[in-house]
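Reading through the structure tokens given below for one structure.
The values are calculated or read from the model by the stated rules, or taken from the named source; none is laboratory data. Note that the coordinates shown come from a computational prediction; the quantities given were computed from them, not determined experimentally. Don't worry about glycine lacking a Cβ; one is built from the backbone with ideal geometry, like all the others, and counts go over all protein chains shown.
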């Protein structure tokens, strides 16, 4: 530094409020220079927040789960966490089955009642095609129709290998119409009597087939026994002919050992005049009764 250059300065003074204040004089080449330092406050230091992350302790929960698994097993725990769709209980299944059975029984009863009503109406229509329309009162015909339906139910509703139940019931009505015209006291010259014109042999065989073993000749006049013997005898013929109603009708008219019935069963040929007339009448009244409603009055 040359002699003509002088640098004078004062040391900075520190005060609590001002911070640093500096003054000085600078002479350079004879030029005075004054430096004045402004107070500078240092930035405030903010306290640093200390965050402590607390780790989750699984140990108590693990102990509880281990105890539950050991006591209940895994299944109930899984079902609780993820419930599964549970099917009906045995009690609910049994109750449903019982309700279904009751509904089926109620439907079967209703269908049977409707079938019985139709069969009774059919019997009344057939009666109107015979002399019974004059000789039997309306009330007596209704009671007789009910008796025929009841007996037909008892005889033909039992299981059969060859079963066309409703047609078989209609057939016994047709037989009674031809044999006696629904006259309880009708008697044949050869001995058969009653609604179905059953002789002693037919009465014995017919009632025997239905489990009745104790009877006498006079029982042929009883309405229920005569109708039962006739229906049971016809049923035995149906069973012998594999359910063939036509062959059974011929056998009912001419006897179970009828050669005409056997020939017709084998060849389908029918030349016997009596058998032809019997079947023709049966067919005619069946067709007429299926179309006509019973008439009121007489």
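Scanning region 92-115 turns up no residue that is loosely packed, with under 10 Cβ neighbours inside 10 Å, modelled with pLDDT under 85 and over 30 Å from residue 181 (Cβ atoms).
How many of the residues in region 193-221 are assigned to a loop (DSSP other than H, G, I, E, B) and at pLDDT below 90?
Of the residues in region 193-221, the ones assigned to a loop (DSSP other than H, G, I, E, B) are 194-197, 199, 210-216.
Keeping just the survivors that are at pLDDT below 90 gives 199, 210-216.
Looking only at that region, the number is 8.
Checking the stated criteria, residue 195 turns out not to satisfy the condition of being over 38 Å from the mean Cα position of the chain (by Cα) and in contact (Cβ under 8 Å) with a residue 60 or more places away in the chain.
Examine region 276-297 for a residue that is in contact with a helix residue (DSSP H, G or I) (Cβ under 9 Å, 6 or more places away or on another chain), at pLDDT 90 or above, surrounded by 14 or more Cβ atoms within 10 Å (Cβ to Cβ) and over 18 Å from residue 173 (Cβ atoms), and state whether such a residue exists. Scanning region 276-297, I find no residue that is in contact with a helix residue (DSSP H, G or I) (Cβ under 9 Å, 6 or more places away or on another chain), at pLDDT 90 or above, surrounded by 14 or more Cβ atoms within 10 Å (Cβ to Cβ) and over 18 Å from residue 173 (Cβ atoms), so the answer is no. Among the criteria (1) free of Cβ contacts under 8 Å to residues at least 60 places away in the same chain; (2) surrounded by 19 or more Cβ atoms within 10 Å (Cβ to Cβ); (3) within 22 Å of residue 131 (Cβ to Cβ), the one residue 177 does not fulfil is (1).
Look at region 89-113: where a residue is on the phi < 0 side of the Ramachandran plot and a partner is part of a helix (DSSP H, G or I) and surrounded by 10 or more Cβ atoms within 10 Å (Cβ to Cβ), sitting 6+ places away or on another chain with Cβ atoms under 9 Å, you get 112/153.
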